[in-house]
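Below: the structure, in structure tokens.
The values are calculated or read from the model by the stated rules, or taken from the named source; none is laboratory data. Remember, it's a predicted structure, so these values are computed and weren't measured experimentally. Glycine gets a Cβ as well: all are built from the backbone with ideal geometry, and neighbour counts include every protein chain shown. Just the protein is used for accessible areas: all its heavy atoms, side chains included, with ligands, DNA and RNA removed. Shrake-Rupley method; radii C 1.70, N 1.55, O 1.52, S 1.80 Å.
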Amino acid sequence: MSEEPKTRFAKYEGGCLIAVLVVIGLVFLAGLLNPKKKLVDVRVTGQIQGHFIDDPTFTLLVWHQYEGNLKNGRLTVRLHGKSVRPEDAVHVHSFETWSPNQHNVVTKSISLPNYDPAEPLVVEVYVKAANARDTLIRLVWQNGDWKD
């Protein structure tokens, strides 16, 4: 009578397989239960106000059209252009709650020494919030209006 050798798995081999399957299942289930965050619909208007004594001022109004309040986030406005001073290039607005629509506008005013309307001003608006996807929009202001 010949006995066939019995193969035995080490104790950890069976447990590892089960652990891997459980982790994969949890990741898949979390993706189904956690809805994807949406992008923020950011709106921006701008206006150059010229001064005879001081430098012209570029005033930006920023608001959003998200389907609810944005929570625990930050609005960052960056400007690039020849007339933008380095210390005026970045503006940050932190918020716990930012309600939608133009009634809740955030205003940023930037002084522009040596402003030339023909030179483009690049405006980058970045919104980061706990309940929305990070959103970045890039706009160009030239000759008194937004350029396409």
| task | With respect to A118, determine if the residue is in a loop (DSSP other than H, G, I, E, B) and touching a residue at least 60 places away in the same chain (Cβ under 8 Å). | result | no
| region 62-73: number of residues that are touching a strand residue (DSSP E or B) at 6+ places or on another chain (Cβ under 7 Å) and surrounded by fewer than 15 Cβ atoms within 10 Å (Cβ to Cβ) | 3
| request: Note down all Cβ pairs under 8 Å where the first residue falls in region 135-148 and is closer than 12 Å to V44 by Cα, the second is among the polar types (S, T, N, Q), and they're at least six residues apart or on different chains. | output: none
| Subset of region 42-55 that is in contact with a Leu (Cβ under 7 Å, 6 or more places away or on another chain) and open to solvent by 30 Å² or more (accessible area, probe 1.4 Å) - its residue that is modelled with the lowest pLDDT | D55
| request: Report yes if some residue within region 133-146 is outside any strand (DSSP E or B) and farther than 26 Å from K36 by Cα; otherwise report no. | output: yes
| task | Inspect region 66-86 for any residue being in contact with a Gly (Cβ under 8 Å, 6 or more places away or on another chain) and in a loop (DSSP other than H, G, I, E, B) and give the result as yes or no. | result | no
| message | Suppose we filter S83, S111 for residues that are more than 17 Å from R43 (Cβ to Cβ) and open to solvent by 30 Å² or more (accessible area, probe 1.4 Å); which single one remains? | response | S111
| message | Condition (residue is in contact (Cβ under 8 Å) with a residue 24 or more places away in the chain, open to solvent by less than 40 Å² (accessible area, probe 1.4 Å) and not in a helix (DSSP H, G or I)) applied to region 29-38: is it met by at least one residue? | response | no
